[in-house]
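Here the structure comes first, spelled out in structure tokens, and everything after it is commentary.
Throughout, read-outs are computed from the coordinates displayed, never taken from laboratory work. Here the structure is a predicted model, which means the values were calculated and not measured. Glycine gets a Cβ as well: all are built from the backbone with ideal geometry, and neighbour counts include every protein chain shown.
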Amino acid sequence: MIELVRARYGHPPHAAALLALLDAYARDPAGGGVPLSDFARDNLIGELAARPSIFSVLAFDDGVPVGLINAIEGFSTFACRPLVNVHDVVVLQSHRGRGIAAQLFAGVEAIARERNACKLTLEVLSGNRAARSLYEKLGFADYQLDPVMGHAQFLQKWLD
């Protein structure tokens, strides 16, 4: 039986579950293949708790943490409403293919609707075909305003 809960960052079992799941994701090739740094492990929970625009949904299988979504509220200037960016999606390898990610997304969408968000956004690596397929089944599509201008692309620039 999968149980979904909105993470309470100040609750030690939720904090431990979030860190363990995020570290598993970081170690996965889709997450970069490198464990969380000591700095991230030591500071992440406090930093998440300090930002009311961030929320997390955890999935437990008989009390064992097996899934996580971290989401960050942003703002759509065109819609003049909040949006929610799905930042991390984690389901342990042992539990993939059981519909847990879809359940996590349903939990995130419910919170987004509570916040009056106009949309959910996310990024996905082009080689992560399984995730891309799931996201499309859940109603996600490439972002574009005018087909002549093409699809939006996610870019980054690291700052020192």
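Here are some notes:
- Sites V5 and A49 - FRET efficiency at Förster radius 22 Å, r taken between beta-carbons, to 0.05: 0.90
- Loop-located GluC sites (Glu not before Pro) across the stretch 108-160 with a Cβ neighbour count of 14 or fewer within 10 Å are E123, with loop assigned by DSSP.
- The stretch 1-94, relative contact order [Cα under 8 Å, separation at least 6], %: 28 percent
- Semi-axis lengths, largest first, of the ellipsoid equivalent to the stretch 7-66 are 18, 16, 10 Å, with √(5λ) applied to each eigenvalue of the Cα gyration tensor.
- Across the chain, Cα pairs under 8 Å and at least six residues apart give a relative contact order of 18 percent.
- With a simple spin-label model that places each label point 7 Å from the Cα along the Cα-to-Cβ direction, the separation between K119 and R132 comes to 1.9 nm.
- Counted over all Cα-Cα pairs of the chain, pairs farther apart than 27 Å make up 24 percent.
- Per-residue [θ]222 nm for the chain (sum of -39500 (n - 2.57) over DSSP H runs n ≥ 4, rounded to 500): -10500 deg cm²/dmol
- For the stretch 57-160, share of DSSP beta bridges that run antiparallel, in % to the nearest 5: 85 percent
- Dipole-positive endmost among G127, A15, A26 within the chain (Cβ charges, Cα centre): G127
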